[in-house]
Structure formats: structure tokens, C-alpha cells
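Engineer: Mind having a look at this structure? Questions to follow.
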Amino acid sequence: MLNAWIVAAAVLALAPIFVFGFAGQRLQAAARHLSPGARLLSPAACVLPYLLVAVPLHLFHIQWMLLYIELPVAVALLLALAARFDPEQKGHWLDFLVLFSLGLAVDLRWFEAAWPHTLAAMNKVLLLDAGLYGFHIIRQLDGVGFDLRWRWQDWKTGLREFLIYAPLAILLGLAIGFLHLHTHVQRPWTVPFVWIFTYVLIALPEEIFFRGWMQNLFERKLGRTTALFLTAVLFGLSHFNKRAAHFNWRYVVLAAIAGVFYGRAWRENRRVAASAITHASVDTIWGALLR
């Protein structure tokens, strides 16, 4: 019975990704029929996955419940103000306040203590849900390019950037001791499934955040080239505490370089799917042959 509650929580948490990915415009149209108050309060539903996990596991704490109610509503309110003050979508400081708050909450693991260790990733997904609602329903940010319906051009662009980046990363990674080549792949039949898992749970969330939202907004303020490299640097820095107890400069360097190629893939046709294909391919090959 407990597993059923966890599965239900996971389905609820992941549902917005697929709803926005397949029916984002229809969802925006439907939201216009809600009153302003209802639009701002609706993301409080982000608390439901937490309740479905915390109550059966006897991990419920009132402060975490209030967090998952109030934070998504606060994101919606801040982006409603941004939409009011910046209707031309040139990029407002409130947009960046929301971005950096969500990003730091994920990178510094501020709220993961609310979850069992094995379910800590749920926090990241719920913060993404809050951002999806805020930027797509309230802010209605254009040019994000989040669409789960693949196009041939997504694969062409995504795999091209992967093939350009991969040899550079492998040579540099081996030279600095971050990558370690091993030719034996355990259970090679699982690689396609690992790619799909990586695409949905790692690549898509990070590409929506860094390319669809961050690089998109930086372009409006700083221009295409500066936005590309600044976003790549911030993407690299977001990996500073990954797989190490200290500042992992090797990971930061390779991730920042990867961010340039992910950004190139996204901006060619402004498609998150293209950069997510590059991203998922890099992570899958790294895990299979180079970790």
C-alpha cells in the first residue's frame, strides 16, 4: 500500500512536465478562464505529492507542508508582478530573482530534508513544477521551446552538438583525470532505457531551466553570445558540489563547456528537445563508458 502512495506522488509530481510538454498552449488558454486569485493559488497543489509521501511514512512536518503550499504561490505572485511591470518580456529583475531562488534551492539542497533519501529528487521535480506554472501560465514567457513532441530537426541538431562536444570532452576529461575509460559495458541492453530515464528526469528539467528560461531571458538583456556563455558558466557552477565533498572544479569545467553546446542546440530553433537530446546523450555515454 505504501508503494502505491509513492507511485501516486511520483505521477502527480511528473504530470505537469507531460501536460506542459504536450498541451502547454491549451493549458494556457484554459487558465485564462480562471479568476486572478484562482490562477495565483492553483500551484498550491504542488503540496499533494509531499503529503502522499510524508503522511504514510510518518514524516509529515507542518513547515514542509507550508513550504510546498507557499513557495509555488510566491513564484506565481512574483512572476505576475514581472508580467505586469514588463509586458514586453524584455527580462525583469523579478524573473531572475525567481530563477536564482529556484536554482539555489536545488543546488544547495535546501528542502531535500523533507524527503526520504531515496525520494530526494521529488523536491527538484516539485520546484520545476512551480517554475513551469509560473513562467508558462502566469508569465507566459515566449520562446522557451518546451515541447515533448520530437521533430527530426531536434535529433539532427541535438546529435550534431553531441558529436562535436564528445571528442573535446573526452580528451579534456581524460587529461584532467575526471573521465576514466572502460570498454566493458555492464548490461548494455539497458543503455536505451538509461537514456530515456536521463532525458526525462535530468536533461529535460535542467534544459527547461537553463536554456528555456535562463538563456532565453539573458538573451533579451545581454544578447545571444553573452547569454550563451553566461548561462554555460552558471550551468557549470551548478555542478560544483556534484560527486564530491568539496568544490569539484573538474566537473564545473566540463559542465560549463557542455553548457555551450547545449545552449547552441537550444538556440538553433529554440527547442528544449534539441538541447535535451544532446544533454541526455552526453550523460548516458559518460555513465556507460567514462565514469
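Engineer: So how strong a dipole does the range 2-138 carry about its Cα centre when Lys and Arg Cβ are +1 and Asp and Glu Cβ are -1, to the nearest 20 debye?
Structural biologist: 260
Engineer: Moving on. When the gyration tensor of the range 152-290 is built from Cα positions, what are the square roots of 5 times its three eigenvalues, in whole Å, from largest to smallest? It would help to have the intermediate numbers written out before the result.
Structural biologist: Values: eigenvalues 112, 68, 33 Å².
Those come to 24, 18, 13 Å.
Engineer: Take the alpha carbon atoms of the range 263-283, find their center, do the same for the range 65-139, and report the distance between the two centers in whole angstrom.
Structural biologist: 22
Engineer: Listing T157, T118, T226 from the residue with the fewest other Cβ atoms within 10 Å to the one with the most, what is the order?
Structural biologist: The fewest-first ordering by Cβ neighbours comes to T118, T226, T157.
Engineer: Per DSSP helix of 4 or more residues, -39500 (n - 2.57); summed, then divided by the residues of the chain. What does that give at 222 nm, rounded to the nearest 500?
Structural biologist: After summing the helix terms and dividing by residue count, I get -21000 deg cm²/dmol.
Engineer: Let me ask something else about it. Determine, for each peptide in 9-17, 144-152, the mean count of other beta carbons within 10 angstrom over its residues, then list the peptides with the highest first.
Structural biologist: Sorting 9-17, 144-152 by mean packing, highest first, produces 9-17, 144-152.
Engineer: Follow-up. Two decimals is fine: what's Rg over Rh for the range 226-291, C-alpha atoms, Kirkwood radius as Rh?
Structural biologist: When Rh is taken as the Kirkwood radius, the ratio is 1.00.
Engineer: OK, next. For the chain, modelled as a Gaussian network with Cα springs under 10 Å, which listed residue fluctuates most, F60, F193, F235?
Structural biologist: Its mean-square fluctuation being the largest, the pick is F193.
Engineer: From largest to smallest, what semi-axes in whole angstrom does the chain give when each is the square root of 5 times an eigenvalue of its alpha carbon gyration tensor?
Structural biologist: After scaling each eigenvalue by five and taking roots: 30, 24, 18 Å.
Engineer: So, R0 is 25 Å and r is the distance between the beta-carbons of A120 and W152; what FRET efficiency does that work out to, to 0.05? If you can, show how the numbers build up before the last one.
Structural biologist: Details: r = 36 Å, r/R0 = 1.46.
Once the sixth-power term is evaluated, E becomes 0.10.
Engineer: Cα centroid distance between the range 1-45 and the range 199-233, in Å?
Structural biologist: Answer, in whole Å: 24.
Engineer: If I model a spin label at L163 and F18 as a point 7 Å from the Cα along the Cα→Cβ vector, what separation in nanometres do I get?
Structural biologist: Modelled inter-label distance: 3.3 nm.
Engineer: In the Gaussian network model of the chain, springs joining C-alpha atoms below 10 Å, which of G263, G212, G173 carries the largest mean-square fluctuation?
Structural biologist: Among G263, G212, G173, the largest mean-square fluctuation in the Gaussian network model of the chain belongs to G173.
Engineer: Turning to a different aspect of this structure: Return the sequence-ordered ³J(HN,Hα) values of the range 70-82 in whole Hz as given by the Karplus equation 6.51 cos²θ - 1.76 cosθ + 1.60 applied to θ = phi - 60°, using x for Gly and Pro.
Structural biologist: In residue order, the calculated couplings are 7, 4, x, 5, 4, 4, 4, 5, 4, 6, 5, 5, 4 Hz.
Engineer: Just subtract the alpha-carbon distance of F96 and S35 from 0.36 nm times their residue separation and send over the number in nm, one decimal.
Structural biologist: Details: separation 61, 0.36 × 61 = 21.96 nm, distance 2.61 nm.
That pair, F96 and S35, stretches by 19.4 nm at full extension.
Engineer: While we're looking at this one, here's another question. Specify which residue in the list Q153, P87, L40 is farthest towards the positive end of the charge dipole of the chain, using unit charges on the beta carbon of Lys, Arg (+1) and Asp, Glu (-1), about the Cα centre.
Structural biologist: Result: Q153, furthest along the dipole toward the positive end.
Readers should treat all values here as calculations from the given coordinates under stated rules, not as data from a laboratory. Keep in mind the model is a prediction, meaning the values are calculated, not measured. FYI the Cβ positions are ideal-geometry reconstructions off the backbone, even for glycines, and counts take in every protein chain you see.
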